[in-house]
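For reference, the structure discussed in these notes is given below.
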Amino acid sequence: MRVEHIGIAVKNFSVSIPLFTKILNSECYKVENVESEKVKTAFFQNGETKVELLESFDENGVIAKFIEKKGEGIHHIAFEVKNLEEEMARLKKEGFILLNESPKKGADNKLICFVHPKETNGVLIELCQQVVENQQL
Ligand code: ZN
C-alpha cells in the first residue's frame, strides 16, 4: 500500500500553512472543510505523498482533543487502497477495530476508514480510496 498522505494536527493554519510551504517548497493546493470531523484540511503535494494539515474548527472536535492530549504533530498515516470495502472486510476479519463500519467521505475526493490505534502500535491508520469524478457517494 502506498502512503497517500500523512495527517498532521496543527493549532493554526495561519502559522502552519506558511511553515509547510517553506518546508516542502510547494504551495498548499487545496483547503477543504470536513464537516463530519469538525476539521479543516490543507493539502500539499510532495512527490508521491501528500501532507494533510488538520485544524479543528470546534473545541470538541477530534483534532482539538488530540492536540489537547498530545500537542501538535503527526495524527495519522493514510494508505491508499484500491477497494476500501474489501480492505475493511479483510482487516475486520483479522480482528482490527474499524472506527467506521462503512466507508465515509473524507477530504480530497476520498472514501476513508480509520483503524483503531489500540491495535496498531498506537498509530492511527487511515485507509483511503480515490473517488472517481462524478461517482455517486
Ligand atoms: Zn487523512
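The values are calculated or read from the model by the stated rules, or taken from the named source; none is laboratory data. This one's a predicted model, so the numbers in the text were calculated from it and none came from an experiment. Methodologically, a virtual Cβ is constructed for each residue, glycine included, from the backbone with ideal geometry; neighbour enumeration extends over all protein chains shown.
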Filter region 1-13 for residues that are outside any loop (DSSP other than H, G, I, E, B), at pLDDT 95 or above and exposed (fewer than 14 other Cβ atoms within 10 Å of the Cβ) and give the result.
3
Among the listed residues 25, 109, 100, 33, which satisfies the condition of being in contact with a Cys (Cβ under 9 Å, 6 or more places away or on another chain) and not hydrophobic (A, V, I, L, M, F, W, C)?
100
Could you check region 1-30 and list, in sequence order, the residues that are away from the ligand (no atom under 14 Å from the Cβ) and of a type in the set (Val, Ile, Thr)?
15, 17, 21, 23
Within region 14-42, work out how many residues are surrounded by fewer than 16 Cβ atoms within 10 Å (Cβ to Cβ) and either of a type in the set (A, V, I, L, M) or assigned to a helix (DSSP H, G or I) (or both).
11
Return a yes/no flag: does region 85-96 have any residue that is free of Cβ contacts under 8 Å to residues at least 24 places away in the same chain and in contact with a strand residue (DSSP E or B) (Cβ under 7 Å, 6 or more places away or on another chain).
yes
Would you call residue 37 away from the ligand (no atom under 15 Å from the Cβ), within 17 Å of the chain's Cα centre (by Cα), modelled with pLDDT under 95 and within 30 Å of residue 14 (Cβ to Cβ)?
no
